[in-house]
There are 2 protein chains.
Amino acid sequence: MPQGQPTVVPDDGLTTRQRRNRPLVMVHTGVGKGKSTAAFGMALRAWNQGWPIGVFQFVKSAKWKVGEENALKALGATGEGGTVAWHKMGEGWSWIQRDPKDGEQSNEDKAREGWEQVKRDLAAETYRFYVLDEFAYPLHWGWVDTAEVIEVLRNRPGTQHVVVTGRNAPQELLDFADLVTDMSKVKHPMDAGQKGQRGIEW
Amino acid sequence: MPQGQPTVVPDDGLTTRQRRNRPLVMVHTGVGKGKSTAAFGMALRAWNQGWPIGVFQFVKSAKWKVGEENALKALGATGEGGTVAWHKMGEGWSWIQRDPKDGEQSNEDKAREGWEQVKRDLAAETYRFYVLDEFAYPLHWGWVDTAEVIEVLRNRPGTQHVVVTGRNAPQELLDFADLVTDMSKVKHPMDAGQKGQRGIEW
């Protein structure tokens, strides 16, 4: 919870207001639960501000996070807050041509295509709040170049906030990000022999 | 993300299905961001299951988390998923009589009244998913008795999931909970002199 006083006041030539409204890059990493969930929770605030929201799911299975997807889409459809666009990796990427060759595309190619679309949207300022869900994985695996991602984020125009989630986020990205939270697992029901359940895990 | 296999299979006489659908007590603690946000993100999944959701905010200022409140209430109002009831501590507790003496009530009394209502709702199975937001504080401060809370949670009827958030959750509660995530701060914009901003912090 924001308690008011920053610990230092930087000599960056910005007014408090300019500094306050600076667009942020945020990373949720670590092995615990809540990384994506907290990102989607943040999207609730963005929605309430009327900001256009773009979610890019860099995950293999489209069945994951269907709860958040349905809920955020329903919110976007109310017309009371921001819009919500939801993109899923691979066949779910809405800008990919639907032709038979799609079936041959590797996950690596799909992740790269997703990132190319994020780049286009950042350049066009399509959204004001981006969730790059599980994007830390393709970065960690080297499918997408972390240095390029940082460069694109550093030079993005306007006021576009970006949240990246996933385990093993590269150190360079953590160094660059404005906010980093590490979710550590203290205890999980699976340790006690319980499988994931509807409404809780998805 | 659930990867399928639990690490042990307990000898508890339950079937996999019974164990899978066991109601959970979850705690989000630690000094990092995302504790409440992840709890509200989980509420999106609960909403998608059509579960009645009860949020109890144990915070002093009603201005906090207005983004999540507006968004979850709007979701509840769509009629497409679960309902959402939102209760704020003190004057926000919807069951407290509105009389002049309210102004004299201490935060300690208010927190206790909130817990009494949670107890009534658990006994009546009013909701299926509870967010006891920042409830760790009154427990930590001893305003509400942790042993009693654990006893009530242990004996709650039906299938009611409960998420407790807040720093300094008592160790007894962590020991009792099914799932505990510690959100640690790695880096926060306030460290770089940036104040909280609209759409991000609230």
Accessible area buried at the A-B interface, both sides summed, 1.4 Å probe (Å², nearest 100): 6700 Å²
Past the 19 Å Cα-Cα mark, which pairs from A:K187/B:K73; A:K73/A:K119; A:K33/A:K65; A:K88/B:K73? A:K187/B:K73; A:K73/A:K119; A:K88/B:K73
At 7 angstrom along the Cα-to-beta-carbon line, where would the label on A:A123 sit relative to the other copies? Give the distances in nm, shortest first. 6.4
The computed P(r) of the stretch A:21-184 puts the percent of Cα pairs beyond 29 Å at 12 percent
Once ligands and nucleic acids are excluded and a 1.4 Å probe is used, how much of B:F58 is accessible, expressed in Å² to the nearest 10? 10 Å²
Can you give the FRET efficiency for B:N155 and B:Q105, using 1/(1 + (r/R0)^6), R0 = 25 Å, r = Cβ-Cβ distance, to the nearest 0.05? 0.30
Modelled label-to-label distance, B:A124 and A:L174, 7 Å Cα→beta-carbon offset: nm? 4.7 nm
Sorted by accessible area with a 1.4 angstrom probe, largest first, how do A:D133, A:D109 fall? A:D109, A:D133
So, with a 1.4 angstrom probe, what is the percent of accessible area on the stretch A:21-184 that is carbon and sulfur? 46 percent
From phi via Karplus (6.51, -1.76, 1.60), per-residue ³J(HN,Hα) for the stretch B:31-46 in Hz, x at Gly/Pro: 9, x, 7, x, 5, 6, 4, 5, 5, 5, x, 5, 4, 5, 5, 4
Karplus 3J(HN,Hα) series, Hz, for the stretch B:176-188 with 6.51 cos²θ - 1.76 cosθ + 1.60 (x for Gly, Pro): 7, 5, 7, 9, 10, 10, 9, 8, 9, 7, 9, 7, 9
If the label for A:R167 sits 7 angstrom from Cα along the Cα-to-Cβ line, what are its distances to the same label in every other copy, in nm to one decimal, shortest first? 2.9
Here the correct list, in nm and shortest first, of distances from B:E148 to the same site in the other copies, label points 7 Å along Cα→Cβ, is 6.0
For B:I150, tell me the accessible area in Å² from a 1.4 Å probe, rounded to the nearest 10. 20 Å²
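The values are calculated or read from the model by the stated rules, or taken from the named source; none is laboratory data. The structure displayed is predicted, hence computed values, not measured ones. No Cβ is skipped: glycine too gets one built from the backbone with ideal geometry, and neighbour counts run over all protein chains shown. Quick note on the areas: whole protein, heavy atoms, side chains included, nothing else; ligands and nucleic acids left out. Shrake-Rupley method; radii C 1.70, N 1.55, O 1.52, S 1.80 Å.
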